[in-house]
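I have placed the structure first, in the form of structure tokens, so that the comments after it can refer back to it.
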Amino acid sequence: MAGQTLNDRLTAAKHSLVGSGLAKIVCKATTEEVMGPKPKHLTYLLQCTNEPNVSIPQLANLLIERTQNTSWVIVYKGLITIHHVMCYGNERFTQYLASSNCTFQLDNFADKSGLQGYDMSTYIRRYAKYLNEKAYSYRSMAFDFCKVRRGKEDGMLRTMGTDKLLKTLPVLQNQIDSLLDFECPSTELTNGVINAGFVLLFKDLIRLFACYNDGIINLLEKYFDMNKKNCKEALDLYKKFLVRMDRVAEFLKVAENVGIDKGEIPDLAKVCIPHYS
């Protein structure tokens with residue numbers, strides 16, 4: 001579909017008439033063109049999250065409103081834009097989504113206007129579930145797993161105490177599971193919209209898994225100093241980690257198949273995990 005549709009232009013014009021520049025850009029980022037949101041519109045919205053005179057609730061609600069459309073393209077682009085702002089915008093945006101219990105009610109979404117819409121609706125439902133889980137993780141932990149420090153010296157999960165670590169890892173596992181449940185084969189990554197969403201999921205997974213890896217190493221190093229109850233929990237968490245490694249490898253294989261730079265794809269064989277029997 002080339003160019004903006006008449007509906008896109010009418011919607012943008014309506015917001016121009018009432019002087020709502022923010023609403024106009026939200027509409028332009030989520031047009032019916034079958035391509036990802038344009039970088040210039042995403043950049044504008046990211047800048048808005050850092051402006052003290054811009055209402056974060058208004059921005060979030062304008063974007064959420066776009067996810068309530070009947071067109072799969074508009075809904076998907078609305079979710080992608082929200083995800084992009086959560087990743088790269090001011091943290092106030094994610095804080096608002098988490099604290100206001102905003103959820104994307106898309107469990108039953110289906111665009112039956114054509115075969116492509118019907119196929120893409122499956123991935124919209126899965127994508128929305130992941131974004132709900134991402135917001136829930138923030139609400140539970142008061143930080144974004146994708147943005148915390150990582151690494152041996154001062155990584156948050158690498159240096160976390162036992163009790164907090166045992167409470168934190170299940171939340172992180174749930175978010176990773178929700179992302180891996182997207183389960184999109186490379187043969188379905190056939191248009192600019194789903195591809196834009198997939199790239200954001202890929203980048204989240206790399207950060208989440210690095211964080212997860214830090215937490216598991218920390219857990220195993222503490223293992224022999226734990227009481228019996230904590231040892232049982234830790235062993236269970238470690239077993240789940242090994243299962244998830246296989247699922248992460250499958251996701252990364254899809255990323256490689258669709259042309260994501262191999263330099264960005266970690267080699268899981270090099271993940272530094274001590275093995276305990």
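Candidates Arg139, Arg158: the one that is in a helix (DSSP H, G or I) and either open to solvent by 40 Å² or more (accessible area, probe 1.4 Å) or in contact with an Asp or Glu (Cβ under 7 Å, 6 or more places away or on another chain) (or both) is Arg139.
The set of residues in the stretch 198-230 that are open to solvent by 30 Å² or more (accessible area, probe 1.4 Å), part of a helix (DSSP H, G or I) and more than 28 Å from Leu79 (Cα to Cα) comprises Glu221, Lys222, Tyr223, Phe224, Asp225, Lys228, Lys229. Contact annotation: residue pairs with Cβ atoms under 6 Å, 6 or more positions apart or on different chains, pairing a residue in the stretch 19-43 that is more than 24 Å from Gln116 (Cα to Cα) with a partner that is polar (S, T, N, Q) and assigned to a helix (DSSP H, G or I), are Lys24/Ser16.
Could you list, in sequence order, the residues of the stretch 108-130 that are in a helix (DSSP H, G or I) and either free of Cβ contacts under 8 Å to residues at least 60 places away in the same chain or open to solvent by 40 Å² or more (accessible area, probe 1.4 Å) (or both)? Selection gives Leu115, Gln116, Gly117, Tyr118, Asp119, Ser121, Thr122, Ile124, Arg125, Arg126, Lys129.
Could you tell me how many of the residues in the stretch 161-194 are part of a loop (DSSP other than H, G, I, E, B), open to solvent by 30 Å² or more (accessible area, probe 1.4 Å) and closer than 30 Å to Ala29 by Cα? The total comes to 4.
Applying the set (1) in contact (Cβ under 8 Å) with a residue 12 or more places away in the chain; (2) over 22 Å from Asn195 (Cβ atoms); (3) in a loop (DSSP other than H, G, I, E, B) to Pro57 leaves exactly one unmet item: (3). Name every residue in the stretch 134-176 that is of a type in the set (Ser, Thr, Tyr) and under 15 Å from the mean Cα position of the chain (by Cα), in order of residue number. Across the stretch 134-176, the qualifying residues are Tyr136, Ser137, Tyr138.
The values are calculated or read from the model by the stated rules, or taken from the named source; none is laboratory data. Being a predicted model, the structure only gives us computed values, none of them experimental. Here Cβ is always computed from backbone atoms with ideal geometry, including for glycine, and neighbour counts include all displayed protein chains. Accessible surface is based on the protein model in full, side chains and every heavy atom, while ligands, DNA and RNA are left aside. Shrake-Rupley method; radii C 1.70, N 1.55, O 1.52, S 1.80 Å.
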